[in-house]
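Here's the structure, in structure tokens; my notes come after.
The values are calculated or read from the model by the stated rules, or taken from the named source; none is laboratory data. Note that this is a predicted model, so its numbers are computed, not measured. Ideal geometry is used to build each Cβ from the backbone, glycine not excepted, and the neighbour counts take in all protein chains shown. The protein model used for the area step is the full one, side chains on, heavy atoms only, and it has no ligands, DNA or RNA in it. Shrake-Rupley method; radii C 1.70, N 1.55, O 1.52, S 1.80 Å.
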Amino acid sequence: QQKVQQSPESLSVPEGGMASLNCTSSDRNFQYFWWYRQHSGEGPKALMSIFSDGDKKEGRFTAHLNKASLHVSLHIRDSQPSDSALYFCAATNTNTGKLTFGDGTVLTVKP
Amino acid sequence: EAAVTQSPRNKVTVTGGNVTLSCRQTNSHNYMYWYRQDTGHGLRLIHYSYGAGNLQIGDVPDGYKATRTTQEDFFLLLELASPSQTSLYFCASSEVGTEVFFGKGTRLTVV
């Protein structure tokens, strides 16, 4: 069963626009959340982490975590064509150390 | 820079053949992971380990064995390869809750 679900599956935004990606966990043992980005032909690379309720901002990227609902989101403002990639949400089970990824969201930023 | 090295980068084998994928990390991380990536399924965890001699079962373990011989080395074994195991395989390392570092991937084709 998929314990980390992402939406939407794909997203297209114009250059300069805002992209919003969502992730929901079904396991309350998941405590550490990360966003990863994968460009074509490469391995995933970490974008940012969020462990506490509320917002965390890093440049154009803002992550939001609601622990009560186990919902995490990533917002990319002023989107650039170079942001076009596959984005993954990942969560760690603090009891087992198991790291689970969602199925990903394909973001396309059109010039 | 944290490093995870996978070998081989590409492999073609026949149905029923034996395959070993190798992974070495120089990050001094306790956790190492094997994932497979298929279109529409994101990254699915096969096996993981939290130290030499330890092995934990992931979400899609059937048909795979793994062995962690040292802190640095983690191997994935396919003893009777099947076409359904054609995939892109990633090895990764981390500590619990921290950034995960991925290798560049091994593309395996079973014909």
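Does at least one position in segment B:69-83 carry a residue that is assigned to a strand (DSSP E or B), hydroxyl-bearing (Ser, Thr, Tyr) and in contact (Cβ under 8 Å) with a residue 24 or more places away in the chain? Checking segment B:69-83: not a single residue is assigned to a strand (DSSP E or B), hydroxyl-bearing (Ser, Thr, Tyr) and in contact (Cβ under 8 Å) with a residue 24 or more places away in the chain. Taken over segment B:67-90, residues that are under 24 Å from residue A:4 (Cα atoms) and either open to solvent by less than 20 Å² (accessible area, probe 1.4 Å) or within 14 Å of another protein chain (Cβ to nearest Cβ) (or both) amount to 5. Being surrounded by 17 or more Cβ atoms within 10 Å (Cβ to Cβ), of a type in the set (Ser, Thr, Tyr) and out of contact with any Cys (no Cβ under 7 Å at 6 or more places or on another chain) is the requirement here; does residue A:62 meet it? Judged against the criteria, residue A:62 is a match.
Which pairs do you get when a residue that is closer than 11 Å to residue A:98 by Cα, found in segment B:43-68, comes within reach of a residue that is among the charged types (D, E, K, R) and not in a strand (DSSP E or B), reach meaning Cβ atoms under 6 angstrom, with the pair 6+ apart or on two chains? Filtered contacts from segment B:43-68: B:45/B:59.
A quick yes/no check of all residues on (1) more than 10 Å from chain B (Cβ to nearest Cβ); (2) surrounded by 19 or more Cβ atoms within 10 Å (Cβ to Cβ); (3) among the small types (Gly, Ala, Ser); (4) part of a loop (DSSP other than H, G, I, E, B):
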site	(1), (2), (3), (4)
A:68	yes, no, yes, yes
A:75	yes, no, no, no
A:78	yes, no, no, yes
A:90	no, yes, yes, no
A:97	no, no, yes, yes
A:106	yes, no, no, no
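Among the residues of segment B:44-53, which ones are touching a strand residue (DSSP E or B) at 6+ places or on another chain (Cβ under 6 Å) and either over 17 Å from residue A:104 (Cβ atoms) or open to solvent by 10 Å² or more (accessible area, probe 1.4 Å) (or both)? Scanning segment B:44-53 gives B:44, B:46, B:47, B:48, B:49, B:50, B:52.
Among the residues of segment B:15-52, not one is assigned to a strand (DSSP E or B) and more than 15 Å from the chain's Cα centre (by Cα). Taking the criterion of being facing chain A (nearest Cβ under 8 Å) and either modelled with pLDDT of 95 or more or surrounded by 15 or more Cβ atoms within 10 Å (Cβ to Cβ) (or both), the residues of segment B:19-43 that qualify are B:31, B:33, B:35, B:42, B:43. The residue pairs whose first member lies in segment A:33-50 and is part of a strand (DSSP E or B), whose second member is hydroxyl-bearing (Ser, Thr, Tyr), and whose beta carbons are closer than 7 Å, counting only pairs six or more residues apart or on different chains, are A:33/A:49; A:34/A:49; A:35/A:87; A:37/A:87; A:45/A:36; A:46/A:36; A:47/A:36; A:49/A:32.
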